[in-house]
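Step one of this worksheet: look at the structure below.
The values are calculated or read from the model by the stated rules, or taken from the named source; none is laboratory data. Only a predicted model underlies this, so the values are computations on that prediction, with no experimental measurement involved. Here Cβ is always computed from backbone atoms with ideal geometry, including for glycine, and neighbour counts include all displayed protein chains. For the accessible areas, the whole protein counts, side chains as well, though only heavy atoms, and no ligand, DNA or RNA atoms are used. Shrake-Rupley method; radii C 1.70, N 1.55, O 1.52, S 1.80 Å.
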Amino acid sequence: MRKVPCIKSERLVLKPHGIDYLDSTHVYSSDLSNTLYMIHLPNQNKEETRDFLENVSKEWEKEVPDFYEFAILLGDVHIGSVCLYLDESHETGELGWILNKHYWHHGYAFEAAATMKTFAISIGLKRLIAHCDDQNVASYKVMEKLGMKLVSMTKGRYNKASKEESKERMYQLILE
């Protein structure tokens with residue numbers, strides 16, 4: 001793994017995500033209520049979680065990653081993850097996060113996302129985008145608090161845990 005510094009915020013530490021966090025990641029990524037509004041979750045078994053984390057670890061080894069996936073630590077406790085997936089030009093990053101539901105409503109998602117916004121600026125990104133299910137009020141409130149603006153609301157979103165079609169919000173923030 002190439003050297004990537006830990007990123008610290010007021011209460012959190014963001015560390016490169018990987019297989020060391022298999023058990024704690026599986027707790028939140030396989031919980032239906034925790035992943036209700038997620039397109040690619042919940043994971044059905046620990047192998048699915050392992051495959052994801054192995055892919056994340058391989059990405060950290062690249063000289064120029066296409067995405068950054070960080071474990072969110074509160075003290076020594078892994079409470080979730082925050083990520084930045086880059087477009088082909090590496091000028092736009094898609095911001096995302098997930099927290100173990102036991103840590104919701106404490107401002108940790110916003111704090112982690114704000115830390116990633118600063119990281120995005122430091123690596124030269126020009127724009128951030130983020131998507132969420134229209135019913136995921138907590139997530140779009142984080143986006144708005146970050147200064148992101150709603151740019152579209154479209155039909156056709158299908159979350160993994162639901163057979164129902166929902167609407168998707170897309171937010172953006174110009175960093176220049």
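For the range 33-71, the list of trypsin sites (Lys or Arg not before Pro) that fall in a loop by DSSP and count at most 16 other C-beta atoms within 10 angstrom reads LYS62. Whole-Hz Karplus values for the range 30-47 come out as 10, 7, 4, 5, 6, 10, 3, 9, 9, 6, 9, 10, x, 6, 7, 7, 5, 4 Hz, taken residue by residue from phi with 6.51 cos²θ - 1.76 cosθ + 1.60 and θ = phi - 60°; glycine and proline positions read x. The GluC sites (Glu not before Pro) of the range 71-127 that meet both conditions, a loop assignment by DSSP and at most 12 other Cβ atoms within 10 Å of the site Cβ, are GLU88.
The length gained by stretching the chain between SER57 and TYR103 to full extension, at 0.36 nm per residue less their Cα-Cα distance, is 14.1 nm.
In this structure, the amide hydrogen of GLY80, modeled 1.01 Å from its nitrogen in the peptide plane, lies closer than 5 angstrom to those of ILE72, ASN100, counting only residues at least 5 positions away or on a different chain.
With every protein chain kept in place and ligands, DNA and RNA left out, what is the accessible area per residue of the chain? Probe 1.4 Å, answer in Å². Walk me through the numbers on the way to the answer.
Numbers: 9530 Å² over 176 residues.
About 54 Å² of surface per residue is accessible.
Quick check on my link table: of LYS62/LYS145; LYS8/LYS167; LYS126/LYS167; LYS117/LYS141; LYS101/LYS141; LYS46/LYS145, which ones sit more than 24 Å apart, alpha carbon to alpha carbon? Violating the 24 Å limit, Cα to Cα: LYS62/LYS145; LYS8/LYS167; LYS126/LYS167; LYS46/LYS145.
Principal axis extents of the Cα atoms in the range 128-176, from largest to smallest and rounded to whole angstrom, are 39, 18, 13.
Kirkwood hydrodynamic radius of the range 92-176, from the reciprocal of the average inverse Cα-Cα distance over all distinct pairs: 13.5 Å.
Over the chain, what is the mean sequence separation of C-alpha contacts under 8 Å (at least six apart), divided by residue count, expressed as relative contact order in percent? Walk me through the intermediate numbers first.
On the way: 334 pairs, mean separation 37.4, N = 176.
Computed value for the chain: 21 percent relative contact order.
How high is the FRET efficiency from GLN44 to GLU176, r the C-beta distance, R0 45 Å, rounded to 0.05?
Numbers: r = 41 Å, r/R0 = 0.92.
Plugging the Cβ-Cβ distance into 1/(1 + (r/R0)^6) gives 0.60.
In order along the range 66-79, phi translates into HN-Hα couplings of 8, 8, 10, 10, 10, 7, 9, 10, 10, x, 9, 9, 7, 10 Hz, rounded to whole numbers, per the Karplus curve 6.51 cos²θ - 1.76 cosθ + 1.60 with θ = phi - 60° and x for Gly and Pro.
Mean separation of Cα pairs under 8 Å and 6 or more residues apart, divided by the residue count, gives the range 1-92 a relative contact order of 32 percent.
Two decimals is fine: what's Rg over Rh for the range 27-134, C-alpha atoms, Kirkwood radius as Rh? Reported Rg/Rh, Kirkwood definition of Rh: 0.95. Of the GluC sites (Glu not before Pro) found in the range 1-85, the ones in coil according to DSSP and having at most 14 other Cβ atoms within 10 Å of their Cβ are GLU10, GLU63. Counting pairwise Cα distances across the range 61-100, what percent come out greater than 16 angstrom? So the portion of pairs separated by more than 16 Å is 43 percent. Calculated [222 nm] ellipticity per residue, helices only, for the chain: -8500 deg cm²/dmol; basis is -39500 (n - 2.57) per DSSP H run with n ≥ 4, divided by all residues, nearest 500.
Convex hull of alpha carbon positions in the range 90-132: directionally averaged projected area 3.2 nm².
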